[in-house]
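Just below is one structure, and these are the notes that go with it.
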Amino acid sequence: MAYMTQKDLANTEVDCVRARQIADGVHSVQDAIAQAESHYGRKPESVTLLAATKTRDVGEIMAALKAGVRVIGENRPQEIVAKAEILRKEAARENLSVGVNGSINSEIPLYLIGQLQSNKINKVLPLANGIQSVDGIELAQKISTRAQNLGLCTDVMLEVNVSGEVTKSGCAPERAIDEALAISSLPSLNLCGFMTLGARVNDEKIVRSGFAALREIRDCVSEQLAQDYDGNSAKLELSMGMSGDFAWAIAEGSTMIRIGSAIFGPRAFV
Ligand SMILES: *Cc1c(COP(=O)(O)O)cnc(C)c1O
């Protein structure tokens, strides 16, 4: 993570040209979401925009918030640690509350969307509202125990590797229903949905079939939980779609798209 020494992630100053670029990015993605919702017969405003803010500093993130972004996703625990406190202070000056410690209802939730090693769980839990990248019951169990110890309740999503690409994390689709049901019964956790990364190919049929598979998993788990909970279970989110494939994800039922480069431009660091 060389960029963490090359770039000051806590920087709060952006010039007006950069702020304008980011605002334009947010607005063009918002327009594209509305267009995809209408084109694919989805309800208006049924898709939430999460800004994927890896490698971006606090000033860049604030520019996105001022342009209307209301959900943030960070990939790395170290980046959350480097930014969360100062971001919260900057946002408070705009009367926005970001990633409020221990509250799952903060105005602007902050999610971890990248891999979480067990030794980072205690650092992340007080700073994030939820973790989208839980790959199974083993990690969920650890998060649950530590959340309980800290007196927190944490939203989690099960990450599923729908494309089967070996470079991707997430649980195998065949295991997803059992894993999700097991996670849903753990204390101090709230299973709030499913997350996936689309196949890395430029083929609509292949990419969409992966997203459709996640939707089917979600529908099946929703049905089972509704039976268990006497019909009172909350709606489970589908976090799928990135800059290159979000329209196809919306076509397949995505409720939350995670957008980085289409808002902030290309990343200077990997
Ligand atoms: C980086 C990242 C995104 C956003 O990627 P873009 O292609 O820049 O939109 C979404 N989700 C995850 C998990 C990411 O790591």
Exercise. How do Val162, Val124, Val14 line up, fewest other C-beta atoms within 10 Å first?
Worked result: Val14, Val124, Val162
For this session: Against the globular-protein guess of 2.2 N^0.38 Å, express the Cα radius of gyration of region 137-270 as a ratio, rounded to two decimals.
Result: 1.11
Exercise. So, with +1 on the Cβ of K and R and -1 on the Cβ of D and E, and no other charges, what is the size of the charge dipole of the chain about its Cα centre, to the nearest 20 debye?
Worked result: 640
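Rounded to whole Å and sorted largest first, what semi-axes of the equivalent ellipsoid does the C-alpha gyration tensor of the chain yield via the square root of 5 times each eigenvalue? Write down the numbers at each step before the final one.
Values: eigenvalues 150, 107, 59 Å².
Sorted largest first and rounded, they come to 27, 23, 17 Å.
Viscosity 0.692 mPa s, temperature 37 °C: what is the translational diffusion coefficient of region 78-155 from Stokes-Einstein with a Kirkwood Rh over Cα pairs, rounded to a whole number of µm²/s? Provide the component values of the computation, followed by the final result.
Values: Rh = 12.7 Å.
After rounding, the answer is 258 µm²/s.
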For this session: Could you calculate the FRET efficiency of Cys220 with Glu138 from 1/(1 + (r/R0)^6), where r is the beta carbon distance between them and R0 is 25 Å, rounded to 0.05?
Result: 0.70
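Summing -39500 (n - 2.57) over the DSSP H runs of n ≥ 4 in the chain and dividing by its residue number, what mean residue ellipticity at 222 nm do you reach, to the nearest 500 deg cm²/dmol?
Value at 222 nm, helices only: -13500 deg cm²/dmol.
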For this session: Note down the relative contact order for region 28-146 as a percent, whole number, built from C-alpha pairs under 8 angstrom at least six residues apart.
Result: 20
Seminar exercise, completed: Length gained, Thr5-Lys89, 0.36 nm per residue minus C-alpha separation, equals 28.0 nm
For this session: Taking the Cα centre of region 200-270 as origin, work out the dipole magnitude from +1 charges on Lys and Arg Cβ and -1 charges on Asp and Glu Cβ, in debye rounded to 20.
Result: 420
For this session: Quick one: how many lysine pairs does the chain have with C-alpha atoms less than 13 Å apart and a gap of 8 or more or different chains? Give me the count, please.
Result: 5
For this session: Would you mind calculating the gained length between Arg18 and Arg200 on full extension (0.36 nm times residue separation, minus the Cα-Cα distance), in nm to one decimal?
Result: 62.6 nm
Seminar exercise, completed: Computed on Cα atoms, Rg of region 125-168 relative to 2.2 N^0.38 Å comes out at 1.30
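No lab work stands behind these numbers, since they all come straight from the coordinates. These numbers come from a predicted model, not from an experiment. Glycine also receives a Cβ, built like all others from the backbone with ideal geometry; neighbour counts cover every protein chain displayed.
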